[in-house]
Amino acid sequence: MNKLPILPLRDIVIFPDMIVPLFVGREKSVIAIEEVMKADDENKTILLATQKDALIDNPKGMDIYNIGIKANVLQMLKLPDGTVKVLVEGVARIKVAEVKDNGKFLIANYSDYQEKVTKPEECKALVRAISDQFEGYVKVNKKISKEVLNSVSQIEEPIKLSNTVAAHLNIKISEKQELLEFENIEIRLTKILELLESELDVLKVEKKIRSRVKRQME
């Protein structure tokens with residue numbers, strides 16, 4: 001069984017292939033990152049897992065989802081107020097077996113989480129459908145950059161596509177966690193396509209309402 005410091009996350013689910021800045025303020029989490037940065041090897045590795053309840057300040061193992069990711073800490077910057085800004089890169093899904101408090105920070109036993117492609121042709125069709133829908137989603141949702149759209153349109157590998165699109169969906173934390181936990185890639189891609197279509201419908205309705213209100217005000 002492998003063992004690494006674990007960083008509980010509030011209000012964010014991180015996927016493999018994502019590079020994300022995090023602001024860390026809790027003492028145990030700051031110490032965990034400092035411990036990771038002492039490592040001699042090139043990869044400064046930590047586990048990231050989302051809290052079930054973001055309001056819990058001192059989470060235990062039962063308060064953290066047991067599917068998270070292994071991530072590399074690319075940069076660390078100490079801020080004047082004592083918090084730390086870190087840039088992390090998601091590497092792979094992991095399954096947390098046990099979380100312990102060593103007195104300084106949380107440490108977890110973990111194992112690799114196997115992802116399975118059982119129907120390659122179905123995956124290929126889903127990848128194409130998601131790429132098309134994501135293009136429409138980006139046109140309506142102005143918060144996503146054209147660069148993201150360009151990168152998604154060039155991804156043919158199902159697992160990487162699922163991670164990239166899931167990371168940019170404006171959905172609940174519980175729904176993102178569900179996407180992280182799917183082992184079967186066809187099921188994960190199907191769920192992403194459903195969520196994309198649902199979000200696209202909502203955004204289109206919102207756009208119509210805004211246009212109508214604007215016309216009435218004018």
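Computed values, structure above
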read-out: Any hit, region 103-124, residues being under 22 Å from ASP11 (Cα atoms), in contact with a helix residue (DSSP H, G or I) (Cβ under 7 Å, 6 or more places away or on another chain) and aromatic (Phe, Trp, Tyr); value: yes
read-out: Residues of region 99-155 satisfying the condition of being farther than 30 Å from ASN2 by Cα and in contact with a strand residue (DSSP E or B) (Cβ under 8 Å, 6 or more places away or on another chain); value: none
read-out: Filtered residues of region 31-64 (kept if over 23 Å from SER111 (Cβ atoms) and in contact with a helix residue (DSSP H, G or I) (Cβ under 9 Å, 6 or more places away or on another chain)); value: ASP53, ALA54, ILE56, ASN58
read-out: Residues of region 9-22 that turn out to be over 19 Å from ALA92 (Cα atoms) and at pLDDT 95 or above, as a count; value: 0
read-out: Scope region 61-72; condition farther than 13 Å from ILE14 by Cα and in contact (Cβ under 8 Å) with a residue 12 or more places away in the chain; matching residues; value: GLY61, ASP63, ILE64, ASN66
read-out: One residue from GLU197, GLU156, GLU218 being open to solvent by less than 90 Å² (accessible area, probe 1.4 Å) and of a type in the set (D, E, K, R); value: GLU197
read-out: Tabulated pairs, region 184-202, first more than 18 Å from PRO158 (Cβ to Cβ), second open to solvent by 50 Å² or more (accessible area, probe 1.4 Å) and outside any helix (DSSP H, G or I), C-beta under 8 angstrom, 6+ apart or interchain; value: GLU199/ASN170
read-out: Positions within region 118-140 being within 21 Å of VAL202 (Cβ to Cβ) and open to solvent by 20 Å² or more (accessible area, probe 1.4 Å), in sequence order; value: ALA129, SER131, ASP132, GLN133, GLU135, GLY136, LYS139, VAL140
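The values are calculated or read from the model by the stated rules, or taken from the named source; none is laboratory data. This one's a predicted model, so the numbers in the text were calculated from it and none came from an experiment. Don't worry about glycine lacking a Cβ; one is built from the backbone with ideal geometry, like all the others, and counts go over all protein chains shown. In case anyone asks, the SASA skips ligands and DNA or RNA and just uses the protein heavy atoms, side chains included. Shrake-Rupley method; radii C 1.70, N 1.55, O 1.52, S 1.80 Å.
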